[in-house]
Structures are given as structure tokens and as C-alpha cells.
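Report on the following structure.
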Amino acid sequence: MELKQLYREIVNEHNLHPVHKGKMENPDLVLRGVNPSCGDDITLQLKIKDGVIVEGLYDGSGCAISQASVDMMVDQIVGKSKEDAIKLAGTFMGMIKGEVTDEESLEALDEAVALQDVAHMPARVKCAVLGWHTMQEMLEHPEKAQG
Amino acid sequence: MSNLGDFRKDFDQLNSGDYVYFDNAATSQRPRQVLEAVSNFYKTANANPLRGLYDWSMAATDAYENSRAVVADFIGASRAEEIIFTRNTTESLNLVAYSYGLENVHEGDEIVISVMEHHSNMLPWQMVAKKNNAKLVFMEPLEDGTITEQEYKSKITDKTKIVAIGHVSNVMGVTNPVKEIAEYAHSKGAIVVVDGAQSAPHMKVDVKDLGADFFALSGHKMLAPMGIGALYGRYELLEQMQPFLRGGEMIEYVTREDATYAEIPHKFEAGTVNAGDAVGLAEAIKYIQNVGFDAIEAQEQKLTTMLMEGLAKLPYIKVYGSKDPKKHCGIVTFTMDGVHPHDMASILNDDHICVRAGHHCAQPLMQFIGAGSTARASVYFYNTESEVERFLDKLSKVREVMGYGA
């Protein structure tokens, strides 16, 4: 997808009208993710019940790609088991690194597939993966993510 | 006055497509003459300089030492030995911090810098202060970037041992009152270190007139190759300093336990030197002198004025620093309401326009001006009015791409 088209058709909607942005009361896991070089700064908050992510919100600021990516991510992971969410993060990061390209794997990412072309924008890779990396980190190392 | 259009023909990359290069404060482009001078060195004078006793090595030595003399003359040093070749401004400033700072700043002493410093003129002094239990004191500018007389006189005291100051801020573009600050610092017994990375490419520098005890510059910001820079140091100070790096080509006599060091400047140039790029730096200086600082400043001011007038017409743009284009040294830093600078830079890149976005290696300044990140357009003499027009046109369309209506 052409860059301006990517912004117009996908990124702007999530950036300007995020669905999952806000502060959560009593989250089970909270982790801040920062890209020091550009100032993207998000705090991801999750509620977990019986190993399943039942609620997710993020707060913070940053470039449109970082914000849209995390908004799409929360869309995808609510209702999934921790294991499935971690696997999905692997698929997303693989896609952005250009390592995962087969349609079958990418289908699992649903709308977030739209960010595939960020793979051709090395300067923006960190923006796109910030939320996913933070989610993976907090699920794999919950001891770092105690609210 | 020179015809600047003719000079632009020497820059192959600028003429290779339809890119507008407005990131000159990060690094400049290089003219063919500089690249040929480097290439000629390796084709005709290639041997290890400073030690061989044969013709080729002597030719390499001559080329290298002649380049030193060119740099010395360019910034008004009294003798060539006062110029030490380094990789860049960062290395030059670290050399001063390690070899002068650590030895001469003691517990309870103070080092004064400004909050506008590039990290390369901040982190070395943080290191010296921490290691020797000294205090790092920050001068703060007004909103337009001015460091007032009252400000520097309140921060520089009898406790101050070093004042380290950027000649021109890489974010605000403001030229600091280095001469006045140096005079006051000297009256308090401090020495003055000047980061000249952003001034040397754009204005005539005279280290003696400025009162700089040390002056650092980067070749790559002034048409020379990456990886060559210089440090000017006052002869008496360099003589009493210990080497920064130790090894080959910087010794006088070595035993198993001890060594005496070569005379300056070679004491500070351990290992095989970057003679090829030193030759490139000398050629770059000749090129700049041929263009002339009057013509360089006139063109930069014309373009900066156009830039700032154009940006002022866009109500959602905020420009940092002085309202006067003459006080920007070709650097215009700005933000756009609702649009992160990285999105802006990506969208401009889609239109083949190169600007910098981020914190510009000046995070404490970003905190001070209350911007997490900014965009920066910086011009040099080879940029043109039509490039400014194209930049302003494309910039005015960024908000639409970002979903803010037409």
C-alpha cells in the first residue's frame, strides 16, 4: 500500500478515533513501553481471567503509526488466551521484519495486516512494533508488569 | 558575488533526482572536488604518513600536514600545531573532557554549559562532573534562544573551571554570545570550550577573536567526508595535557615500563591517521572559501526568510527560536499541531523531501522548550528558492494526509 493511502485508509482512523485508549481501574498487568529515540510512549493495561485477556486499554502519546498499531492490537487480543496473544505478537513482529509473509499466517492479524508495508520503512519499524513488543513482554514476564 | 547555481552542479547527489535535501545541519552533501581530492590522495600519495623514510610516505606526510595548516588558517589558529585531527566534534570534545577536564576539574569545582547543548557537548561534561565530584551548571536561554548577560554572569563564578558552549545551537539556530561569555569566563579564571559543529560551515570563525581555548568542528557538516574533524587547542594548554589515546605514532621514547610522548599535535593522534579525509577536509575548506562566507550567509538568509514567512502562513505550525530569520543560521525547527514529527517526516519523504525529526540529540533542550520531538529543516548555500517553495507546498498538505480535512 502506498504510504499516504496507508495513513488515509487505516492509520488515521485509529489515531484520531482510538477505540481502546484510556485508563483502566485495577488492571492485572500494566507495562510502559517507550521508544526513547522518537518519544513514543504508551502504557498498556490488561485484565486477565483464567489465562484469557478479558479487557485491554492503552494510554500515552506518540506518532500515528505507534498509536494506531497498538489500538489495532488491543482489538485483536481481547478474548484471546495469553499464549495466543504472545503468538500473535510473534506473527506481527515477523511481518514487520519481513520474515513472515505467507497469507495464512498473516490472516490471524486481521486489520493489522495493513501495517505490512512498514516493513519497507526501516525508520518506522520501532513505532509499529512498540505496542506488540510491550504486550509480549508483560505476558511473558508478568513480574515486570504489576500495577 | 559568486553564482551559486554553478556551485550546485558540483554536487552529484543533489542533481541525481528530484530530492530536496533539507537536513544540512545533520550532514552536508559533498562536491566532486572533495571526493576527487580524497581519491587522488590514495592514487598518488598513499603510504603511511609520519613515519616512512621513503618518497611516498613523505608525500603522504606532506599532504596530511598541509591539510592541518589549511584548517589552522581557516579558523585563525596561530600555528598549525594547535590543530588536532579527530573523527568529528564529538571526539574532539571528548578529548578535551578526558585529557583536560578530568585533570583540571576538582571536587567542588563547577563546569558551566547551556541547556541548548548537543549531547556531544553535554555527556562528556556530565562524566567529568560525576567522576570528580564537581557540579554541572546549566545556562538557560530566553524563549528566542538568547542567553542574556545576566544569565551567564549569574552562572559563571569563581568556582567555574570550564565553560563549554555551542557556538550555534543545532535546534534553535541561535548564535550564542561566545565572545562575551569567553571574556567573562576568563576573568573568572575558567577556560572556554566551543562546540563549532554548526558554526564553522556557515560563518567566518576566528578562534582568537572568539576567545576560545578549545574549538571543535566536524568535517562532514562542511562538505568534507564523514570521519574527519578537528580540535583547535591553545598551544600552552595542549602542551600540558596528557594524551587521549595511546599507541603508535604518538611517542618519543618507549621502555618496558614507561613512555615519553611526541610533541603536539602528534601526541594526540595515536595510530595511523585519517590522512585521506584530512586532505578532503582541506579541499572542502578551499571550496567554501571559493564560494565565500558572504555569499553563503546571503543565500542562507534568503532561504530562511522564505521558509519562516511561509511557515508563518500555516496557523498550525509553531517555529522555535527567534522570530528573526537572520538569527537562525539556516536552521528552522518546528512542530505541527496534531501531527507527530515522525509522521510528518515520513509523509514528506514520500514527496522526496528530507527533513530531520526527533530530539536532535538535545533531549534536555526538548524538555526545556516543552516539545517531545520536533521537525527541523536546515539549508545550506546550494539549496534553492524553488526547493523552499516545494517544501512549503508539500508541508501544507501533510495535515490533510493525516486526516484533518482539506
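Structural remarks
- Spacing of the modelled spin labels on B:LEU102 and B:HIS352, each 7 Å from Cα toward Cβ, amounts to 5.0 nm.
- Computed [θ] at 222 nm, deg cm²/dmol, the protein assembly as shown (DSSP H ≥ 4; -39,500 (n - 2.57); rounded to nearest 500): -11000 deg cm²/dmol
- Rounded, prolate or oblate (a/c below 1.5 giving rounded, otherwise prolate when a/b exceeds b/c) for the protein assembly as shown by Cα gyration tensor: prolate
- Acute angle (nearest 10 degrees) that the helix B:32-44 long axis makes with the longest principal axis of chain B, alpha-carbon atoms: 30 degrees
- Fraction of antiparallel bridges per DSSP, the protein assembly as shown only, in percent to nearest 5: 70 percent
- Listed residues B:ILE264, B:ILE331, B:ILE251, most fluctuating in chain B (Gaussian network, C-alpha, under 10 Å): B:ILE251
- Tilt relative to chain B, helix B:55-75 - C-alpha long axis, 0 to 90 degrees, to 10: 60 degrees
- For the residue pairs B:LYS179/B:LYS323; B:LYS179/B:LYS326; A:LYS23/A:LYS47; B:LYS135/B:LYS179; A:LYS47/A:LYS87; B:LYS130/B:LYS179, alpha carbon separations beyond 21 Å are given by B:LYS179/B:LYS323; B:LYS135/B:LYS179; B:LYS130/B:LYS179.
- Its Cα gyration tensor gives the stretch A:3-145 an equivalent ellipsoid, and the semi-axes of that ellipsoid, as √(5λ) in whole Å with the largest first, are 22, 17, 14.
- To the nearest ten degrees, helix A:64-77 and the longest principal axis of the Cα atoms of chain A are 50 degrees apart.
All of the numbers you see were taken from the coordinates with simple rules; none came from a lab. Everything numeric in this text was worked out from a predicted model, so none of it was measured. Positions of Cβ are backbone-derived with ideal geometry, glycine not excepted, and every protein chain shown enters the neighbour counts.
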